[in-house]
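See structure below.
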Amino acid sequence: MAGGRKQRASYDGVVLTCPVTVPYSRYSIHAAHWWIGKALRALADSSGLSHRQFDGFCLSSFTAGTDSAIGIAQHMGLNLRTVDTIPLGGNSGVAAIRRAARFVQAGDADIVACVAADTNQIDTFRQTTANFSRFAQDAVLPYGSGGANSSFAMIQRNYMDRYGVTREDLGRIAVSQRANALKNPNALMKKPLTLDEYVNARAIASPVHLFDCVMPCAGAEAFLVMREDLAEELGLTPVFLKGAIERHNAIDDTVQEHGGWVVDIDELYETAGTTPQGIDVVQTYDDYPVIVMMQLEDLGFCKKGEGAAFVRSHDLTIGGDFPHNTSGGQLSAGQAGAAGGYIGLTESMRQVTGTAGPTQVAGAKTALASGFGMINYERGLASGAVILSGEGA
Amino acid sequence: MTEPLSPPKRKDPLKRTAIPVLPPSMRSRAGQLLTWAAAEGRFALQKCLECGHVAYPPRDACPECLSEHLPLADISRGGEVVSESTIEISGEVYFRERAPWRIGMIKLDEGPIMVAHLHGDSAKGDRVRMSLQLDVAGNAAAFARPVKETPNMADDRQWRTMVADPKFRRILVTDGRAPVGRAVAKALLDAGAKTVWLGISEDWKPYPPVDPRVNVVPLTVDDVKSCEKLAGAIGGKVDILVNTGDYMRPGDIMDTNVVTEAREQLNRHFLGFLHLAHTFGGGMRARGADGTNSAVAWVNVLSAYALANTHPYGTYSAVQAACLSLSHSLRGEMRHGGVRVTNVFSGPVEDEWYQELTPPKVGPGAVASAIVKALREGQEDVYVGDFVKDLRERLEANPKGLEREMNSGG
């Protein structure tokens with residue numbers, strides 16, 4: 001890059017706090033706005049503040065219709081200095097953290113409410129798919145209308161052939177997440193899942209089968225970003241942002257085998273002053289198990305092509321040696337639209353502050369959470385990751 | 001290997017006829033460029049005029065150099081299937097009804113990656129031959145097929161939705177009095193049509209012998225009652241209608257008798273087309289999803305003069321242009337039923353009424369072959385013979401110049 005790149009400034013002095021989850025439901029008769037309102041109320045209740053004291057607002061929602069964050073601001077009675085709509089799907093949460101942190105550091109806002117919320121009415125999911133992007137409308141949707149399932153199926157087909165990954169390997173990820181979800185009272189999936197059930201499930205878009213797919217639902221996830229001293233003054237438990245990366249449209253594999261993380265991952269650990277071995281709990285973006293495996297590699301937990309061996313030799317459950325997607329993730333807790341890009345963040349915040357309750361990993365103080373999203377055409381374009389730390393229990 | 005298509009069974013009259021639904025049809029303005037290529041059977045993508053980058057999906061700026069100049073260019077049809085999926089569960093009714101549906105990611109030799117419909121005989125790792133088809137919603141759709149012909153290749157069920165193959169279909173050809181109509185009827189039977197009805201106007205008058213496999217039916221297109229009567233008898237069974245009528249009488253505006261002849265030409269062409277569309281179009285549109293022998297195409301044989309008014313056929317050219325315009329309206333209406341409207345533009349044919357014209361002229365057999373090919377390949381605009389191809393190129397190069405040359409006065 002011309003002139004070289006400026007050293008990334010640290011996020012010192014900024015904290016995340018008050019992670020909230022509005023419990024999901026498979027279908028909702030309510031509008032997205034209702035779920036956004038619930039999330040804001042939960043933030044107010046959790047922080048002891050009035051929502052009118054929030055002066056920054058980052059919003060992600062696929063189903064808020066014609067309203068962007070500014071319309072929602074009036075709807076909810078927010079009086080803002082900074083307003084930001086983040087339409088980055090599964091990377092919305094990481095993007096919100098990065099932006100909100102900089103707003104706060106620069107003094108453009110004192111208290112930023114970061115919210116992702118979506119409803120799921122009958123036909124919502126089909127409509128979201130049908131109107132996802134111009135490239136998708138021109139060049140993907142007319143080809144069988146398999147939605148994300150068939151796009152990721154083609155990524156998975158290539159990945160399995162290229163790296164010798166079996167469906168059983170991918171199944172280990174789904175099965176361990178289901179085990180985690182059984183401890184999360186808010187998870188939509190309540191029944192145990194065996195590897196046999198995973199393997200024998202019906203095909204949706206081969207090689208993607210039923211338990212490779214998330215359950216679309218309604219729900220919301222949210223948190224606050226503010227200065228450390230303000231959090232202390234308000235008596236709120238801080239989560240520290242040790243490092244954060246984003247990278248978009250950066251990968252030119254013929255069929256996607258990497259995400260944008262590979263470009264910046266070393267810098268992420270370096271700024272956080274840690275290594276993959278220093279991470280106590282990992283929350284990857286799990287729209288499909290194959291994307292989880294890609295992240296285990298790209299985030300540095302193993303080398304490219306070793307993902308299958310990694311999941312065979314590690315226990316990914318809450319009590320295991322590699323606790324991963326401890327809430328059950330989207331695969332087993334549900335995918336509440338854009339909130340799917342937040343679910344790993346709120347869970348990470350709870351984990352490192354010892355407030356995860358039944359899904360708590362003992363002694364967790366450092367978490368890595370990643371985001372991935374926007375399969376605009378034939379690959380996911382947006383990627384990001386954060387390393388968070390807290391005082392633990 | 002493709003399972004050969006079985007002849008459709010007799011329809012169970014108690015069964016509900018499936019209502020035609022369409023695949024998703026939202027396309028960007030740039031995306032419609034590919035529809036243009038597909039309509040003519042070309043494989044063309046956007047190619048940057050400044051840097052030569054072949055761009056896909058369709059764009060408004062070149063991702064290599066940000067040039068705004070991205071015209072269509074014919075490119076190599078070669079590519080390789082780099083991944084594939086069989087969709088069992090689709091979000092859209094059209095594909096749910098047709099599941100499983102195979103798609104592939106194709107790395108084109110010229111660079112881009114295309115998501116494409118995948119022929120049953122092609123799989124990951126295979127070389128493929130690409131084409132742009134028109135799907136039943138009328139939009140360009142990439143299709144990947146084996147490079148070499150495989151057994152029963154045209155019977156592939158996904159391929160069959162992209163074309164209007166005459167095989168096992170029941171077809172009405174409207175005018176058996178002209179040589180073109182008779183040639184078309186024969187060619188369609190040779191191409192596997194189950195039934196061909198051939199319209200003969202005023203059938204008490206003598207007419208030339210027709211292929212014995214053909215069912216001759218009375219049809220006088222300028223008489224709406226005649227159209228209604230025939231539609232009442234066979235309208236629910238016509239899968240393809242080929243409107244071959246041609247009644248050409250020379251005449252420019254200042255010529256004697258021109259008004260009478262113009263009226264007759266309007267009756268036989270424009271109103272005839274309208275009568276046919278009115279009496280047969282609705283039934284066909286309702287049967288666009290009626291199994292192996294669903295209603296699938298409406299073909300108009302139009303004169304090259306529909307594209308450019310030509311002396312001494314001033315009024316005839318105008319009537320043909322009116323029919324061309326009407327065909328666009330019909331195309332829009334039939335699309336809701338997934339029925340294609342194909343226009344076959346022919347130069348002057350070897351016929352008594354073009355007797356004094358110098359060559360090149362088009363034989364009736366050439367028109368018939370072009371129609372069969374258009375149906376088998378799913379083309380929407382077809383140009384038959386050197387005359388019409390020349391006319392088209394000149395029209396594209398300099399429309400005003402063409403107008404001057406074609407109407408130099410009598």
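Points to keep in mind about this one:
- Here the spin labels are modelled as points 7 Å beyond Cα on the Cα-Cβ line, and at A:ARG26 and A:GLN74 they lie 3.8 nm apart.
- FRET efficiency, B:ARG157 to B:GLU202 (Cβ-Cβ, R0 30 Å, nearest 0.05): 0.10
- Rg/Rh for region B:31-162 (Cα atoms only, Rh after Kirkwood) is 0.98.
- The protein assembly as shown: equivalent-ellipsoid semi-axes (sqrt of 5 x gyration tensor eigenvalues, Cα, Å): 62, 27, 24
- Applying a threshold of 21 Å to the alpha-carbon distances of A:LYS183/A:LYS242; A:LYS304/B:LYS107; B:LYS11/B:LYS225; B:LYS148/B:LYS373; B:LYS11/B:LYS237; B:LYS47/B:LYS148 flags A:LYS183/A:LYS242; A:LYS304/B:LYS107; B:LYS11/B:LYS225; B:LYS47/B:LYS148 as lying beyond it.
- Around the amide H of B:VAL82, modelled in the peptide plane, lie the amide H atoms of B:MET105, B:ILE106, B:LYS107, B:GLY125, all under 5 Å away and 5 or more residues distant in sequence or on another chain.
- Taking A:PHE223, A:PHE103 and ordering them by how much accessible surface each has at a 1.4 Å probe, largest first, produces A:PHE103, A:PHE223.
- Interface A:B - total buried accessible surface [probe 1.4 Å, Å², rounded to 100]: 2900
- Other protein chain C-beta atoms within 10 Å of residue C-beta, averaged over B:76-86: 5.
- Taking amide H as placed 1.01 Å from N in the peptide plane, A:GLN335 has its amide H under 5 Å from the amide H of A:MET215, A:CYS217, each at least 5 places away in sequence or on another chain.
- Chain B: Cys lacking any partner C-beta under 4.7 angstrom: B:CYS227, B:CYS323
- Highest-MSF residue in chain A out of A:ASN91, A:ASN79, A:ASN180 [GNM, Cα springs under 10 Å]: A:ASN79
- Shielding score for A:253-266, defined as the mean number of other chain Cβ atoms within 10 Å: 1
- Within region B:336-410, the GluC sites (Glu not before Pro) that combine a DSSP coil assignment with at most 11 other C-beta atoms in a 10 angstrom radius are B:GLU356.
- Shielding by partners, peptide B:21-32 (average Cβ within 10 angstrom, other chains): 4
- Pair B:SER6, B:ALA123: separation of 7 Å Cα→Cβ label points (nm): 2.5
- Label-point separation in nm, B:VAL216 to B:HIS311, each point 7 Å along Cα→Cβ: 4.2
- Chain A, relative contact order [Cα under 8 Å, separation at least 6], %: 26
- Sites B:CYS65 and A:HIS248, calculated FRET efficiency, Cβ-Cβ separation with R0 25 Å, nearest 0.05: 0.75
- Gained length - B:ASP190 relative to B:GLU405, 0.36 nm times residue gap less alpha-carbon distance: 73.3 nm
- For A:ARG81, the residues whose modelled amide H falls within less than 5 Å of its own, excluding neighbours fewer than 5 places apart on the same chain, are A:GLY56.
- Average accessible surface area per residue within chain B, 1.4 Å rolling probe, Å²: 44
- In range of the label at B:GLU97: residues from region B:145-165 whose backbone nitrogen is under 16 Å from the point 7 Å along Cα→Cβ: B:158, B:160-163
- The reciprocal of the average 1/r between distinct C-alpha atoms defines the Kirkwood hydrodynamic radius, which for region B:170-406 equals 17.9 Å.
- Take every pair of alpha-carbon atoms less than 8 Å apart whose residues are at least six positions apart; their mean separation over the length of region A:70-158 yields a relative contact order of 16 percent.
- Computed about its Cα centre, the charge dipole of region B:1-144 is approximately 720 debye, with only Lys, Arg, Asp and Glu carrying charge at their Cβ.
- Taking the centroid of alpha carbons for each part, region B:251-327 and region A:248-291 are 63 Å apart.
- Contact order relative to length of chain B, as percent, for alpha carbon pairs under 8 angstrom and 6 or more apart: 15
- Exposure rank, largest accessible area first [A:HIS324, A:HIS258; 1.4 Å]: A:HIS258, A:HIS324
- The protein assembly as shown - percent of accessible surface contributed by carbon and sulfur, probe 1.4 Å: 52
- Accessible surface of B:ILE75, taken over heavy atoms with a 1.4 Å probe and every protein chain present, rounds to 20 Å².
- Additional length obtainable on full extension of the chain from B:GLU149 to B:GLU40, 0.36 nm per residue less Cα span: 37.1 nm
- Heavy atoms of A:PHE132 accessible to a 1.4 Å probe, total area in Å² rounded to 10: 70
- When only alpha carbons are used to place a centre, region A:342-365 and region B:25-49 end up 51 Å from one another.
- Exposure ranking of B:TRP204, B:TRP36, B:TRP101 by accessible area [1.4 Å probe, largest first]: B:TRP204, B:TRP36, B:TRP101
- The residues of region B:110-124 occluded by other protein chains by 20 Å² or more of accessible area, set against the chain on its own, are B:ILE113, B:VAL115, B:HIS117, B:LYS124; surface from heavy atoms, 1.4 Å probe.
- With all protein chains modelled, accessible area of B:LYS373 [1.4 Å, Å²]: 110
The values are calculated or read from the model by the stated rules, or taken from the named source; none is laboratory data. From a predicted model like this one, the values you see are computed outputs, not experimental measurements. Positions of Cβ are backbone-derived with ideal geometry, glycine not excepted, and every protein chain shown enters the neighbour counts. Each accessible area value is taken on the protein alone, full model and side chains, heavy atoms only, with ligands, DNA and RNA left out. Shrake-Rupley method; radii C 1.70, N 1.55, O 1.52, S 1.80 Å.
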